[in-house]
Every structure is written in structure tokens, then in C-alpha cells.
Amino acid sequence: MAGFLGGALPAATGKRRRSVLERLTGLAGAGRDPADTPARPRRKLNEWVLHAPQTLRALVRTDEIWLVVLAGLVGLAAGLCVTAMGLVTQAMHQLLYGVAPGERLSGQVFVDPWRTAGSLLVGGVLMGLSGFALTRWWPRRTIDPIEANALYGGRMSLTDSLIVVAQTMLSNGVGASVGLEAGYTQIGSAVASRLGRSFRVRRNDLRLLVGCGAAGAIAAAFNAPLTGAFYAYELVIGTYSLATLAPVVSAAIVAVVVVRILTPELYGFDIQLPTAIAAVDYLPVLALGMLAALVGIAIMRGVTLTEDFFRRSRVPTWMRPAIGGLCVAALALASPQVLSSGHAALQVTMDAPYTLRHLTLLIVLKALASAISIGSGFRGGLFFASLFLGALLGKLFTGALALIATTQAVPPVVGALVGMSALAVAIVGGPLTMAFLALESTGSLPLTVAVVMAAAVSALTVRRTFGYSFATWRFHLRGEAIRSAVDIGWMRNLTVARMMRRELRTVQADTTIAAFRRDFPLGAATRVVVLDRSDRYAGIVLVPEAHAPDMDENTRLTDILHYAADMLLPQMTIKDAVSLFEQAEADALVVVDGKDSRRVIGLLTEAYALRRYSEELDRRRRELSGE
């Protein structure tokens with residue numbers, strides 16, 4: 001036992017020897033004289049609960065095999081969370097709408113209008129009141145996996161994420177036109193973040209675990225491990241490398257195994273696909289990809305306009321979800337397929353011989369229902385809504401093409417699957433994610449080739465005309481310059497305050513050139529900071545310029561000041577600092593505590609800032625490559 005604890009126990013010297021428990025916990029036993037114990041900070045109880053034993057932490061930090069094991073635990077947790085959320089929302093649909101076991105809400109031919117209106121109204125009131133209460137007593141903004149990995153090194157709040165999950169289940173459970181996928185990834189990634197912090201993993205490993213949580217969640221949601229893995233790579237981790245392959249795939253596979261054991265129902269599409277796709281059909285497929293991108297942009301804009309409409313209205317915040325719920329209930333009178341996420345409606349769409357008019361009506365109704373649900377305050381995402389809308393768009397496109405084509409048109413089922421993937425790429429992002437979803441759902445390689453082509457065109461069109469997915473578009477509206485989950489948080493952490501040099505020499509602005517030359521001979525310094533009579537920043541004097549032969553010795557320094565209006569602030573990031581250097585065309589700038597006070601606290605050179613920037617970039621490159 002002594003060897004296990006790291007050495008022999010000390011011999012008794014008149015003081016009671018501490019027990020093994022005391023050595024492990026650092027707590028003194030009853031009856032111990034406080035004077036015999038050196039003062040140490042008291043640790044909180046939750047630190048012992050939320051941090052893994054040191055031996056396990058060391059294993060995870062030093063051996064990547066144990067990191068893979070930890071990723072498997074993340075996948076296990078993600079699979080359990082996805083299963084639980086699905087069962088809860090299905091139970092709510094059965095209770096509120098009378099849906100039979102094994103059926104889904106969006107697959108109903110008819111729903112009772114009063115039940116629908118009552119469920120969405122009560123659910124909207126609960127959403128509004130909960131949002132009002134959170135704004136007043138828990139005024140914190142929830143960080144999602146993409147933002148966490150881009151800015152905060154993978155740190156997410158489990159408490160905030162549980163609130164999001166509860167609101168998402170409430171929204172979907174009462175029938176609002178939102179999906180659960182956002183809640184799936186939120187809780188999966190948050191659990192992974194909490195687990196990673198309990199093991200005190202490195203920043204890059206924590207970001208990887210957050211991606212594992214998202215991979216497990218999406219893999220469990222669609223019974224598709226490759227889809228979940230590439231969702232993590234493209235949307236949450238931001239890049240692919242061999243070093244991240246084993247953990248991400250392990251999490252996805254474990255999550256799928258959990259779901260298959262707990263809910264063994266099949267998730268794939270039960271449809272008949274052609275064995276091959278003619279070469280002439282690829283041109284319409286590319287056109288469908290471009291059309292899906294434009295429709296996706298319109299949907300994202302529509303959600304923003306709906307949010308802005310509710311924001312500008314005089315309706316109190318807590319009442320907006322209730323009004324939105326009643327609007328969705330009215331749309332459901334025309335077609336119950338607009339309710340909830342639309343899993344069953346998607347299967348029906350693949351098989352049903354809808355007319356072009358009916359397809360157009362369904363697209364408009366579902367797009368309106370989703371925009372109103374999110375815009376009014378219900379919580380959820382557009383992942384599955386984009387799949388459903390894309391399938392409708394694909395069938396509409398192929399149906400319209402059949403009316404004007406002189407040769408055999410693209411099969412409607414192919415158009416539905418291609419449109420489904422292309423529209424999801426436009427809204428959610430992740431071309432390879434959607435390609436693998438099509439492959440794992442249908443098992444058709446020819447179809448997957450067509451999906452990859454349409455997804456590439458859709459992604460290119462959105463990037464050139466709009467530039468954002470739905471998640472990054474909402475970041476943009478908030479003022480965050482995030483285009484992906486690639487880690488740029490280090491750029492924010494590398495501030496001017498961390499890089500500046502505090503030791504600098506100053507001189508008063510009314511000093512003459514003669515006095516300046518005496519105090520600062522050539523070679524003593526390159527530049528000197530000048531202060532006014534109130535010790536506020538006035539500018540910078542270049543020492544070689546002050547020693548120029550044609551300079552009058554009676555001239556004051558105020559006549560040769562540079563960069564008087566150009567100052568750095570300590571909270572500026574390295575990106576802001578480099579930009580200011582370029583604008584001022586300066587080699588060095590002073591750092592002041594504020595633009596109003598102008599108290600000089602340091603100096604930063606452009607050369608040092610660029611060197612630190614280059615060092616951090618090289619460090620991130622080595623981390624990504626697994627060096």
C-alpha cells in the first residue's frame with residue numbers, strides 16, 4: 001500500500017499518523033489539532049465529484065488509446081441521451097395528439113384541430129414563460145458545439161445545455177415544426193466537454209471530445225456512424241486528420257450500437273432505387289443542386305425575417321411562442337405533415353405520387369411552419385426540416401422536368417434523395433456528411449455519386465452567394481465572425497496585454513530637441529513615447545529623426561510627433577493589433593488603458609506581434625497534423 005501511494009508512510013512522532021483516506025482527500029480526521037496541520041485552501045465538494053482520479057487523468061493525457069476509450073464513453077452517453085429524448089417526445093405526441101404507438105405525428109392523415117391548437121398554445125405559453133424566467137434569473141447565453149470549438153477551446157456548460165434540451169423536447173413534443181438534432185448535438189457535446197474537463201485534457205483534445213459527442217449524437221439519430229463522424233469533422237471539429245479518426249469513429253459506432261440495442265427499429269428508407277443513373281441525368285442533378293442552394297438561402301433569410309418581425313412587434317416576448325404555435329396549428333389544418341420534425345412525412349413523401357401543386361403547397365407550408373416556429377421562440381433546429389423540404393423540392397423539380405423533357409426524366413425518387421441532400425448542405429453544411437447519409441440510408445453507390453455532385457454545387461453556390469450555413473449565419477447576426485468550428489479562440493486569447501512590453505522610456509512633449517538629444521543619444525533607443533503635461537499619451541518620437549542634422553535644436557517635440565491618434569488597447573486581439581499596424585503604417589504602437597484616459601501602460605512592436613502570430617499558427621498546424 002505504501003508503494004502504491006508513492007512512498008513509505010512516515011513514522012509516528014507524537015502526532016497521529018494520517019489515514020490513507022486522509023492522504024487521498026487531504027482532510028484531517030476528527031480530534032486532530034488544527035495547529036498540527038498546515039493551512040491549505042479548502043477544496044469544494046464538487047471538485048472531488050467532477051474530477052477524475054489523477055491516475056486516470058494521467059493515462060488519458062499520455063496515451064491516445066485511453067483517449068479513444070474516453071471517446072467511446074462519450075458515444076455511450078450520446079446514444080443514451082438521443083434514445084431518451086426520442087422516447088420522451090414520442091410519448092408527448094401520443095399523449096397530446098393521440099398518436100398510436102409506432103406511428104409518428106407528421107405521418108398522420110388527420111389531427112384533431114382543437115388538440116393541435118391547444119397543445120401548441122399551451123406549449124408556446126410554457127416556452128415563453130420559461131424563456132422570460134431564464135432571461136431574468138439565468139441571463140446566460142448558451143454556447144453551442146461549433147461556437148465552443150471555435151472560440152472557447154471546447155468548453156461548454158452542461159447546465160445550459162440541459163436547459164436547451166428541455167426546451168427543444170418541449171417544442172418538438174407539442175408539435176412545433178422543429179427538429180431534435182440541435183438538442184442531440186448540444187447534450188452530446190456538453191457531456192463530452194464536461195467529461196473532458198473532468199480528465200483535464202489538453203485544449204485540442206477537449207475540442208476533439210466535443211466533436212465526438214456531436215458525432216455520437218448524429219450517428220445515433222440517423223443510425224449512420226459515417227454520417228455522424230463526418231458531421232463532427234465538417235461542422236464541429238472543422239478539419240480531418242488521422243490523429244482524430246479513431247476517437248470520432250469510436251464514439252459514432254458506440255452510439256449507434258446503443259441505439260440499436262435500445263430501439264431496434266430500422267431507420268433506413270424503404271424505397272426502390274434504380275441500379276444505375278444515366279450520364280445524361282447528371283446535368284439535371286447539378287441544376288437541382290444549384291436550385292436547392294437558392295431555396296436554402298431563402299429559407300435562412302425567411303427565418304431571420306420572421307424573428308425580426310416578432311421582435312419589432314409589440315407582442316410581449318413571453319407571448320410570442322404562443323402566437324407562433326397558433327399559426328403553426330392553422331397551417332397543420334391544411335397538412336399535418338408540417339408538425340414536428342417530419343420523420344414520417346419524409347417517408348411518405350418518398351412513396352406518395354403527389355401532384356406538382358400539392359408538392360408546392362407542402363414546401364410553402366413546411367417552410368412557413370419552420371420559420372414561424374423558430375422565429376417566434378420555439379427551440380430546435382432545421383436539420384430534418386431541410387431534409388424533408390429538400391425531398392419535396394427534388395420531387396417537384398423532377399416532376400416539372402418530366403413535363404418539358406423530350407427524353408426519359410430523372411426518376412422522382414432520385415430527385416427526392418438528391419434534393420434532400422443538396423438542401424441540407426445549403427442549410428446545415430457538410431457535403432460529405434449528407435453524401436454518407438444518402439449512402440448509409442439507401443446503400444446505393446450510383447445515387448451517392450449523384451448526391452456528391454449536387455452537394456458540391458450546392459455548397460459552392462451558397463459559399464459564393466451567401467457565405468454562411470444556418471448556424472454560422474446566426475453567429476453573424478450576433479456579431480461573431482465565425483465561419484466554421486476551426487479554432488480561432490487562441491487568436492482572442494492572444495491579446496495585446498499578453499504581448500506588450502511594459503518597460504519603456506517616456507519624455508515630456510515640451511522638451512526641446514537639444515535636451516532630447518542629450519538624454520537619448522543615437523543608438524540608445526529607436527523610439528521614445530511622448531507624454532503631455534497631464535501624463536497622457538501625446539505621440540511617439542523617432543530618435544534618428546530627432547538627431548537629423550537639419551533639425552533645429554530649439555524645436556519642441558510636439559512638432560515631430562508621430563502616431564498621436566493611433567493607440568492599442570490591452571483587450572485588443574492580435575488580429576486587431578496587426579490590422580491597426582497596417583492602417584497606421586507603424587513599426588510600433590503604444591498601449592493605453594483607454595481612449596479617453598490615454599494612460600500609457602506598454603508598447604508593442606509589429607515584428608513581435610507577427611512573430612507570435614506565426615508561432616501560434618505553426619503550433620496549431622502541428623496539433624492538427626498530430627505531430
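Readers should treat all values here as calculations from the given coordinates under stated rules, not as data from a laboratory. This is a predicted model, so every value here is computed, not measured. So basically every Cβ, Gly included, is an ideal-geometry build from the backbone, and we count neighbours across all protein chains shown.
Structure summary
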read-out: Length added when fully stretched, A405-L356, from 0.36 nm per residue minus Cα-Cα; value: 16.1 nm
read-out: Net charge contributed by nearby residues that have their C-beta within less than 9 Å of S376 (K/R +1, D/E -1); value: 0
read-out: Stretchable slack from W138 to T55, in nm (0.36 nm times residue separation minus alpha-carbon distance); value: 26.3 nm
read-out: Approximate spin-label separation Q508-M551, in nm, with each point projected 7 Å along Cα-to-Cβ; value: 1.9
read-out: Packing-based order for 117-125, 443-451, 213-221, using average beta carbon neighbours within 10 Å, highest first; value: 213-221, 117-125, 443-451
read-out: Three-way shape call for region 135-220 based on the alpha-carbon gyration tensor, with the a/c threshold at 1.5; value: oblate
read-out: Candidate values [x] 25.8, 89; [y] 29.2, 99; [z] 30.7, 102, label of the one derived for Rg and Dmax of the Cα atoms in Å; value: [z]
read-out: Computed lengthening from L477 to D532, 0.36 nm per intervening residue step minus Cα-Cα distance; value: 15.6 nm
read-out: Distance in nm between pseudo-label sites at T275 and S614 (7 Å out along the Cβ direction from Cα); value: 6.1
read-out: Under the span-like rule (Cα at least 24 Å along the axis, Kyte-Doolittle mean at least 1.0), DSSP H helices of the chain; value: 64-97, 242-262, 282-312, 356-376, 383-404, 445-465
read-out: Neighbour net charge for L326 - beta-carbon separation under 14 angstrom, K R +1, D E -1; value: +2
read-out: Net charge of Cβ neighbours under 15 Å - reference I427; Lys, Arg +1; Asp, Glu -1; value: +2
